[in-house]
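The values are calculated or read from the model by the stated rules, or taken from the named source; none is laboratory data. Remember, predicted model here, so these are calculated numbers, not experimental data. Neighbour counts run over all protein chains shown; Cβ positions are idealised from the backbone, glycine included.
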Amino acid sequence: MTDSAPLLKVENVYAGYVKDLDILQGVNFRIYPGELVAVIGPNGAGKSTLAKTIFGLLTPRMGSMVFAGKSIVGLKADEIVQQGMGYVPQISNVFRSLTVEENLEMGAFVLNQPIQPLKDEIFTRFPKLAERRNQRAGTLSGGERQMLAMGRALMLKPKLLLLDEPSAALSPLLVDSVFEQIREINRTGTAIALVEQNARRALEMADRGYVLEAGRDRFEGRGIDLLNDPKVGELYLGATKR
Amino acid sequence: MTLKLSADHIQAMNAHAERTYPDECCGLMLGNVQESDTGFAQMNQRAESSVRIVTTLYPVENSWDQQVATDLQDESPSKTRRYAIAPEAMLKAMRDARSRNLAIIGIYHSHPDCPAVPSECDRRLAWQHYSYSIISVQQGKTREFYSWRLDVDHQFQPEPLVILETISH
């Protein structure tokens, strides 16, 4: 997998929300076509900031980001979407007042082609959404809302999907379901960068993982190797193995 | 980059802006882009020489409220200084545009008692592939109309206007 060119290559990126206060302090990150890569780390390590920076919601002060062979530094989110990247934020990720079907339709806003086949694909992938197609998104459960957010991002068939803490605030049962959906999406060839607080679950599922600390990539390796790395375990996964 | 629209379009936007004064008005501009830069695959090639032709205006309600302000991390709760387009309105316009083989090519809004120049908030929330037309309304009367587009550095630049008597649909 790593013999091919990276789909996304982030090098030495510095970024933050306030001038002269960088949350990301020289972070590096790569993901190859079709990979599932977890980004874990303690609170405040810069995981979500990394996702926002990659997706153009924050402009890096320094560093390079190349996606599908083109620099995306300085591009805004709408341009990055057109390059083939999708992003599902942790919160405010659906239009609450719109139905499930309408939310999916909004996901295809830039397309100048019939969108019914795309919606049908999403409904096949997420049967629960098909059942709820006429229900307002604001009335969905947390897990269903997360599925809808992912479904909407998939309407444009992205090469890479960035997921920012998709399991946040979900019950364990729903976490299982959401993670299974993520795995399924990845199996169809979509690369996934999974920013997760639930480090163990994320690494169990990931091809590779990055451990961020204080805005830098402190460890990088295969998911299984990071899970078994005592240093990573002590610091971020808790002392007791499941 | 040129925006072509009719005198009737400008008149309609002016009337909308005066009607909602002292609040900001807003609406969508539906139309076509010559040199086809609205196709998904081609959207990245920023067609500097593109001509955008407005065929239909889609006035919508300014739905800016406290919730929108909170969602956008903006401190202004007032429609006199901000505008928002509800997702329902956007969806309706998208459907209408698709059914007529048009695209949403821009957004217009008014600046009550302010020049027709984009604010920092306008810039922050602007999308690359839309034209942004602004109507200045002073003491309830429209005074100026300019259109803007983002450049590669995400700064607004004036967009040349071509005002025709009529636009053929």
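I'd like the full set of residues that are in contact with a strand residue (DSSP E or B) (Cβ under 8 Å, 6 or more places away or on another chain) and within 9 Å of chain A (Cβ to nearest Cβ), limited to region B:78-112.
Those that are in contact with a strand residue (DSSP E or B) (Cβ under 8 Å, 6 or more places away or on another chain) and within 9 Å of chain A (Cβ to nearest Cβ): B:Ala86, B:Met90, B:Met94, B:Ala103, B:Ile104.
Count, please, the residues in region B:10-35 that happen to be β-branched (Val, Ile, Thr) and modelled with pLDDT of 95 or more.
Of the residues in region B:10-35, 2 are β-branched (Val, Ile, Thr) and modelled with pLDDT of 95 or more.
Residue by residue, here is whether (1) facing chain B (nearest Cβ under 10 Å); (2) closer than 27 Å to B:Val68 by Cβ; (3) at pLDDT 90 or above; (4) in a strand (DSSP E or B) holds:
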site	(1), (2), (3), (4)
A:Pro60	no, no, yes, no
A:Val66	no, no, yes, yes
A:Gly74	yes, yes, no, no
A:Gln90	no, yes, no, no
A:Ser97	yes, yes, yes, no
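Please pick out the residue among B:Val137, B:Val162 that is within 15 Å of B:Leu3 (Cβ to Cβ), in a strand (DSSP E or B) and in contact (Cβ under 8 Å) with a residue 12 or more places away in the chain.
On the way: B:Val137 fails: within 15 Å of B:Leu3 (Cβ to Cβ).
When all the criteria are applied, what remains is B:Val162.
Kindly check whether there is at least one residue in region A:126-145 that is closer than 26 Å to A:Pro33 by Cβ and either within 14 Å of another protein chain (Cβ to nearest Cβ) or surrounded by fewer than 21 Cβ atoms within 10 Å (Cβ to Cβ) (or both).
Within region A:126-145, the first condition is being closer than 26 Å to A:Pro33 by Cβ, and the residues that meet it are A:126.
From the residues that got through so far, the ones that are either within 14 Å of another protein chain (Cβ to nearest Cβ) or surrounded by fewer than 21 Cβ atoms within 10 Å (Cβ to Cβ) (or both) too are none.
No; the residues of region A:126-145 include none that is closer than 26 Å to A:Pro33 by Cβ and either within 14 Å of another protein chain (Cβ to nearest Cβ) or surrounded by fewer than 21 Cβ atoms within 10 Å (Cβ to Cβ) (or both).
For region A:112-125, which residues satisfy the criterion of being among the β-branched types (Val, Ile, Thr) and away from every other protein chain (no Cβ under 14 Å)?
Step one: of region A:112-125, the residues among the β-branched types (Val, Ile, Thr) are A:115, A:122, A:124.
Across region A:112-125, the qualifying residues are A:Ile122, A:Thr124.
Inside region B:59-77, can you point out the residues that are within 17 Å of the chain's Cα centre (by Cα), more than 12 Å from chain A (Cβ to nearest Cβ) and in a loop (DSSP other than H, G, I, E, B)?
If we filter region B:59-77 for residues that are within 17 Å of the chain's Cα centre (by Cα), which is where we start, we get B:59-64.
Okay, now just the ones that are also more than 12 Å from chain A (Cβ to nearest Cβ), so B:59-62, B:64.
Across region B:59-77, the qualifying residues are B:Glu61, B:Asn62, B:Trp64.
Could you check how many residues of region A:73-115 are among the aliphatic types (A, V, I, L, M), touching a Pro at 6+ places or on another chain (Cβ under 9 Å) and crowded, with 19+ Cβ neighbours inside 10 Å?
In the first step, residues of region A:73-115 are kept if they are among the aliphatic types (A, V, I, L, M); the result is A:73, A:75, A:77, A:80-81, A:85, A:88, A:91, A:94, A:98, A:100, A:104, A:106, A:108, A:110-111, A:115.
Pick out the ones that are also touching a Pro at 6+ places or on another chain (Cβ under 9 Å) and you get A:73, A:81, A:85, A:88, A:98, A:106.
The next check asks that each one be crowded, with 19+ Cβ neighbours inside 10 Å; those that pass are A:81, A:85, A:88, A:98.
Count: 4.
Can you spot a residue in region A:159-171 that is over 15 Å from the mean Cα position of the chain (by Cα) and surrounded by 19 or more Cβ atoms within 10 Å (Cβ to Cβ)?
Taking region A:159-171 as the starting set, the residues that turn out to be over 15 Å from the mean Cα position of the chain (by Cα) are A:169-171.
From what is left, the residues that are surrounded by 19 or more Cβ atoms within 10 Å (Cβ to Cβ) are A:170.
Checked region A:159-171: at least one residue is over 15 Å from the mean Cα position of the chain (by Cα) and surrounded by 19 or more Cβ atoms within 10 Å (Cβ to Cβ).
Of these, A:Glu101, A:Glu79, which one is within 12 Å of another protein chain (Cβ to nearest Cβ), of a type in the set (D, E, K, R), over 23 Å from B:Ala89 (Cβ atoms) and not in a loop (DSSP other than H, G, I, E, B)?
Working: A:Glu101 fails: over 23 Å from B:Ala89 (Cβ atoms).
After ruling out the rest, the residue left standing is A:Glu79.
Determine whether region A:203-217 contains at least one residue that is surrounded by fewer than 19 Cβ atoms within 10 Å (Cβ to Cβ), over 18 Å from A:Ile54 (Cβ atoms) and in contact (Cβ under 8 Å) with a residue 24 or more places away in the chain. Write out each step before concluding.
Initial filter on region A:203-217 (surrounded by fewer than 19 Cβ atoms within 10 Å (Cβ to Cβ)): A:204, A:213-214, A:216.
Adding the requirement that they be over 18 Å from A:Ile54 (Cβ atoms) leaves A:204, A:213-214.
Add one more test, that the residue is in contact (Cβ under 8 Å) with a residue 24 or more places away in the chain, and what stays is A:213-214.
Yes, the conditions are met somewhere in region A:203-217.
Residues of region B:114-169 being surrounded by 15 or more Cβ atoms within 10 Å (Cβ to Cβ), of a type in the set (Val, Ile, Thr) and closer than 21 Å to B:Pro22 by Cβ, which ones?
Residues satisfying the conditions are B:Ile134, B:Ile135, B:Val137, B:Thr142.
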